[in-house]
């Protein structure tokens, strides 16, 4: 039987994503790929498979699907309410779906959620990747009745979980300076780092606009900047003075002044912040930023060592009660996970 | 006539993001700086510096991204500075393998509604404007913003008109828009602040083709005015929208 997933219902912003297409910048095509690449790496780790396989990204909406055959899945990124045939499944965990099982995901507080499948989604590879790049016209949002073929699953253990890097409550985003940072006065840069921001409701995979109380930000004088390469994480100050943080599907060149660039390891914190969360910026020196990125890369390489079984003997779980209350997604008897 | 760095300040190497460098040849667009950027990127690709993962050019600068775990900033910056010393990049010739493209375009009409407004900003009649757009081939000075999308230039000085303050919510793929002595030929449907003066049927990004990108930096684009009726026929013909190419170098 064909291993596939049938989409029964899909809200807006549900797409197939992987690590994106690096290497096409010279042709004007940005890398794209998952808004939260850390969540992709986490899902790959949970399923013990390569992290370049494609998964489903859900941008704060909902998804209902059915597995045609027994299928391993993992759920990562922004937590959602997950039901398998009506029974709750723990988020940040791997599970086994039986043939014909219905998976319903809803109740996102915002941010980006991911469903990973053993073997990954076998969508067509275009220019080296399977991810939808909506701005470039590659791929499209998923819709009801879509059928997604799965790749061969090498198999492995399910019922594993881990504690994700905290990033679902806003917080501080670290920046490095850009060639244009000094076009903003010291006073303006200081005000920028002292201002709490919130995410604007207008957002997509190209960028996230931020809003704050008080006046917008600007450079001194009407500087015109020759259009040059821009990178994901760049914080453009557009005409209205609001910061606009460029994300994976951004344009490749631009001429707006950029006050700083968010560290790649902090972008998951931005994209996963709920709508009402407070976000702040702080500048770090480049050597420190490079060291932080190297640390994060090493931490991701070691994710596997952080996995633990979802099924735990209650006698070994002094935090059992807290675990249930905090997650809000399991009943006591669900700690056994789905039967395999 | 030898062309040397326009001021002693250029070129400069600056960090961009945590894992990139930008080598800038001038802070405004000049013919020499544009050629320098194209030539230096080719040299950079040929040099095979340790850790370099990707390079690209924009109008007057070269970007490179590197693997932080393979090389550090100091080492790579020194290697870039050494490479910059190896030639007078401002005197470099344009890349080889360039093509001249002849691209049919309809100007004005309901398909490109801002011709009159743009011409007026340049102090010209619509017919004079069309004549200037089509007088000479325009050079692909950079590919960027969207896949396969060229910045074409350079138009005469009267075309140094600003972008409009508001955004046009959407121009179609193949739209020709003008601002700051350049034209953009849009490869995707997008909002823009540039004024929409012409329309082509050329699909610049064809992801289902073996070579999905039609234009390269250094290519030339000769716009050929056609009537609306001719355009409607061309539009049915093929994905190139009647465009033809020949080698120029």
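The values are calculated or read from the model by the stated rules, or taken from the named source; none is laboratory data. Worth saying up front: this structure is predicted, and the values here are computed from it rather than measured. Here the Cβ positions follow ideal geometry from the backbone for every residue, glycine too, while neighbour counts run over all protein chains shown.
Just one of (1) within 14 Å of chain B (Cβ to nearest Cβ); (2) surrounded by fewer than 22 Cβ atoms within 10 Å (Cβ to Cβ); (3) more than 25 Å from residue B:147 (Cα to Cα); (4) touching a residue at least 24 places away in the same chain (Cβ under 8 Å) fails for residue A:288. It is (4).
Evaluating residue B:135 against the criteria (1) in contact with a strand residue (DSSP E or B) (Cβ under 9 Å, 6 or more places away or on another chain); (2) closer than 23 Å to residue B:219 by Cα; (3) surrounded by fewer than 22 Cβ atoms within 10 Å (Cβ to Cβ) leaves one unmet condition, (1). Does residue A:288 qualify as being assigned to a helix (DSSP H, G or I) and under 19 Å from residue A:235 (Cβ atoms)? When the stated conditions are applied, residue A:288 passes them. Just one residue in the set A:242, A:215, A:291, A:273 is modelled with pLDDT of 95 or more, over 30 Å from residue B:30 (Cα atoms) and more than 16 Å from the chain's Cα centre (by Cα); that residue is A:291. Taking segment A:47-161 and the strands (runs of 3 or more DSSP E) fully enclosed by it, the elements with 3 or more residues that are touching a strand residue (DSSP E or B) at 6+ places or on another chain (Cβ under 6 Å) are at A:55-59, A:63-67, A:71-77, A:81-84, A:93-97, A:102-106, A:112-117, A:147-149. Consider segment A:248-270 and keep the residues that are part of a loop (DSSP other than H, G, I, E, B) and touching a residue at least 60 places away in the same chain (Cβ under 8 Å). The one that is nearest to the chain's Cα centre (by Cα) is A:248.
Listed here are the strands (runs of 3 or more DSSP E) enclosed by segment A:165-235 that have at least 2 residues being within 25 Å of residue A:296 (Cβ to Cβ), touching a helix residue (DSSP H, G or I) at 6+ places or on another chain (Cβ under 6 Å) and within 14 Å of chain B (Cβ to nearest Cβ): A:171-176.
Please work out if residue B:110 is without any contact (Cβ under 8 Å) to a residue 60 or more places away in the chain and not in a loop (DSSP other than H, G, I, E, B).
Answer is no for this residue.
Of all residues in segment B:17-62, those that are within 8 Å of another protein chain (Cβ to nearest Cβ) and touching a strand residue (DSSP E or B) at 6+ places or on another chain (Cβ under 8 Å) total 17. One residue stands out among those in segment A:131-147 that are at positive phi and more than 19 Å from the chain's Cα centre (by Cα): the one that is nearest to the other protein chains (Cβ to nearest Cβ), which is A:137. Within segment B:134-148, the only residue that satisfies the criterion of being within 10 Å of another protein chain (Cβ to nearest Cβ) and out of contact with any helix residue (DSSP H, G or I) (no Cβ under 9 Å at 6 or more places or on another chain) is B:145. Elements of the type strands (runs of 3 or more DSSP E) sitting completely within segment B:159-249 and holding at least 3 residues that are at pLDDT 95 or above and in contact with a strand residue (DSSP E or B) (Cβ under 8 Å, 6 or more places away or on another chain): these cover B:175-179, B:182-185, B:195-199, B:220-225, B:244-247.
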